[in-house]
Amino acid sequence: MTAREPVETRTTDSESRSTESVNRSATSKPRTTATAASTTGRSAQTATLAEIAREAGVSAPTVSKVLNGRADVAPATRTRVEGLLRAHGYRRRRAEASRSPLIDLVFHELESAWAMEVIRGVENVARDAGLSVVLSESAGRLTPGRTWADQVAARRPHGVILVLSGLDESQRALLTSRSIPFVVMDPAGDPGADVPSIGATNWQGGLAATRHLVELGHRRIGAITGPSRMMCSRARIDGYRAALETAGLPVDQDLIRPGDFHHETGYRQGLELLRRPDRPTAVFTGNDLQALGLYEAARELGLRIPEDLSVVGFDDLPVTRLVGPPLTTVRQPLMEMAEAAAKLVLDLAREEGAPAATRVELATSLVVRSSTGEPPAV
């Protein structure tokens with residue numbers, strides 16, 4: 001997949017384009033102020049746009065252009081001003097920051113039914129609030145590019161939701177200085193204690209899936225993981241290991257194959273697992289798409305599900321109820337997670353205060369269908 005600029009799929013005709021009012025002179029008292037950490041030795045001071053402009057060697061309107069994401073600022077000037085805004089801990093007062101009726105929704109990849117469930121959840125909340133949703137994709141990168149951050153600053157949405165993504169320090173500072181709240185859903189890594197996030201009980205889901213197979217009598221249980229760089233996939237495979245160890249079964253590394261949450265990987269790694277002379281009698285996959293790829297591999301090799309092979313997925317996408325046989329899977333409440341993320345970012349935009357818990361995990365649950373059964377008789 002090649003990198004591409006974010007594409008708006010829904011916008012509003014009445015998108016706000018108002019700019020911040022600034023003083024005509026760098027010597028008069030500006031209307032926009034921020035509490036800032038001192039860079040000259042004092043512990044704290046009130047930094048104004050005019051003072052930041054003087055330190056940067058530019059005019060106050062130029063600082064305002066940087067704040068508003070305007071393109072007509074030289075790159076070197078923009079970098080210098082952004083650095084000073086970060087150094088002073090500048091944060092625009094929300095009452096003075098006009099907002100567009102938008103929520104920015106950012107995916108690291110936007111190409112599956114998984115993403116559609118998330119989009120539906122965010123749109124449910126946005127619709128009720130009279131807002132539209134702007135979709136962006138970072139082309140597989142776990143952090144959006146600088147161009148995206150500038151565009152968000154210019155749009156001034158009500159908030160940003162990042163899915164399986166995150167922000168680097170400069171991007172966080174940019175959004176914070178513009179009073180644009182952000183929430184991470186299903187964070188790829190540790191988002192930090194001060195970053196609101198919505199996730200699911202992935203470890204418990206991996207444990208429940210594997211324990212179900214153990215209770216059916218399986219002793220050789222394989223796994224196709226998700227990307228190792230993602231916290232959710234590491235938690236799921238840790239739950240798989242914990243279930244085996246609790247049952248007194250060995251964790252055979254040869255039966256654990258790396259995946260990337262895509263159908264093709266489930267098929268390819270499934271073929272390798274199922275062609276082994278000591279093939280597993282059951283496989284837990286990191287998500288439903290890989291489980292469906294494993295279905296294809298089993299059919300190609302003439303294996304029946306669940307008579308010859310039991311399969312458990314993860315996510316509970318709508319398609320899992322329609323395949324033959326219907327897939328046993330761990331339900332991750334994707335739509336509810338997306339709705340919770342959207343409600344949280346709107347609460348932050350309304351200045352209702354940070355929530356008591358910045359890390360929220362919704363429960364997963366095992367959904368038993370027809371793809372699992374007792375292991376074949378030896």
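The values are calculated or read from the model by the stated rules, or taken from the named source; none is laboratory data. Just so we're clear, the structure is a prediction, and the values are computed from it rather than from any experiment. As a convention, Cβ positions derive from the backbone with ideal geometry for all residues, glycine included, and neighbour counts pool all protein chains shown.
Kindly indicate whether V133 is surrounded by 22 or more Cβ atoms within 10 Å (Cβ to Cβ) and at pLDDT 90 or above. Criteria not met by V133. Here R236 fulfils each of the conditions (1) within 17 Å of the chain's Cα centre (by Cα); (2) surrounded by fewer than 21 Cβ atoms within 10 Å (Cβ to Cβ); (3) not assigned by TED's automatic domain parsing to the domain that holds E169 apart from (2).
Of the strands (runs of 3 or more DSSP E) that lie entirely inside the range 314-378, not one contains 3 or more residues that are surrounded by 14 or more Cβ atoms within 10 Å (Cβ to Cβ), basic (K, R) and free of Cβ contacts under 8 Å to residues at least 24 places away in the same chain. Within the range 293-312, does at least one residue satisfy the condition of being out of contact with any helix residue (DSSP H, G or I) (no Cβ under 9 Å at 6 or more places or on another chain), outside any loop (DSSP other than H, G, I, E, B) and in contact (Cβ under 8 Å) with a residue 40 or more places away in the chain? Looking for residues that are out of contact with any helix residue (DSSP H, G or I) (no Cβ under 9 Å at 6 or more places or on another chain), outside any loop (DSSP other than H, G, I, E, B) and in contact (Cβ under 8 Å) with a residue 40 or more places away in the chain, one finds none in the range 293-312, hence no. Checking L110 against (1) at pLDDT 85 or above; (2) surrounded by fewer than 24 Cβ atoms within 10 Å (Cβ to Cβ): exactly one of these is not met. Which one? Only one criterion in (1) at pLDDT 85 or above; (2) surrounded by fewer than 24 Cβ atoms within 10 Å (Cβ to Cβ) is unmet by L110, namely (1). When residues in the range 190-208 are screened for being polar (S, T, N, Q), out of contact with any Lys or Arg (no Cβ under 6 Å at 6 or more places or on another chain) and outside any loop (DSSP other than H, G, I, E, B), 1 of them pass.
Considering only residues in the range 147-181 that are surrounded by fewer than 23 Cβ atoms within 10 Å (Cβ to Cβ) and β-branched (V, I, T), the one that is nearest to A74 (Cα to Cα) turns out to be T147.
In the set (1) of a type in the set (V, I, T); (2) surrounded by fewer than 21 Cβ atoms within 10 Å (Cβ to Cβ); (3) modelled with pLDDT under 95, the condition left unmet by V184 is number (2). Just name the residue that is nearest to A149 (Cα to Cα) out of those in the range 56-72 that are in a loop (DSSP other than H, G, I, E, B) and at pLDDT below 75. Out of the qualifying residues, it is G69.
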